[in-house]
Structures are given as structure tokens and as C-alpha cells.
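The values are calculated or read from the model by the stated rules, or taken from the named source; none is laboratory data. Being a predicted model, the structure only gives us computed values, none of them experimental. Because the Cβ atoms are built from the backbone with ideal geometry, glycine has one as well, and the counts that use them run over all protein chains shown.
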Amino acid sequence: MSSHQDPICGMQVDEQNAAGKSEYQGQIYYFCSPACKNKFDQDPEQFAG
């Protein structure tokens, strides 16, 4: 299982337990909650990278 950092809140998220994921510029981002995913989706450029 692979762990990723939620780009919004910084929480560690496992791929299989993520509340959501989004793809931006060829990279997949995983989120701890739908709220974090929604915030990212509104302005991905601000949080990607």
C-alpha cells in the first residue's frame, strides 16, 4: 500500500483508503476528505507541486 500526502491539509493518506483522488498535469493527488478534494479541484494550480 502506498502512502501520499494530502496537498491541502498535509495528512498522510493511503491510496486504498483515500476519500478521493484527482489528476492534475499527469499526477494523481489523494485526499483525506471530500472537502480537501473539493478545495483542490477548485484551484489545483495553487496546491499542486
Scanning segment 1-31 for residues that are hydroxyl-bearing (Ser, Thr, Tyr) and within 16 Å of PRO44 (Cβ to Cβ), which turns out surrounded by the fewest Cβ atoms within 10 Å (Cβ to Cβ)? TYR24
Can you tell me which of ALA48, ALA19 is in contact (Cβ under 8 Å) with a residue 40 or more places away in the chain, touching a strand residue (DSSP E or B) at 6+ places or on another chain (Cβ under 8 Å) and hydrophobic (A, V, I, L, M, F, W, C)? ALA48
Matching residues in segment 12-49 - criterion: being part of a loop (DSSP other than H, G, I, E, B), over 16 Å from MET1 (Cβ atoms) and at pLDDT 95 or above: GLN25, GLY26, SER33, ASP43
Hey, can you tell me all the residues within segment 1-11 that are of a type in the set (Gly, Ala, Ser) and part of a loop (DSSP other than H, G, I, E, B)? SER2, GLY10
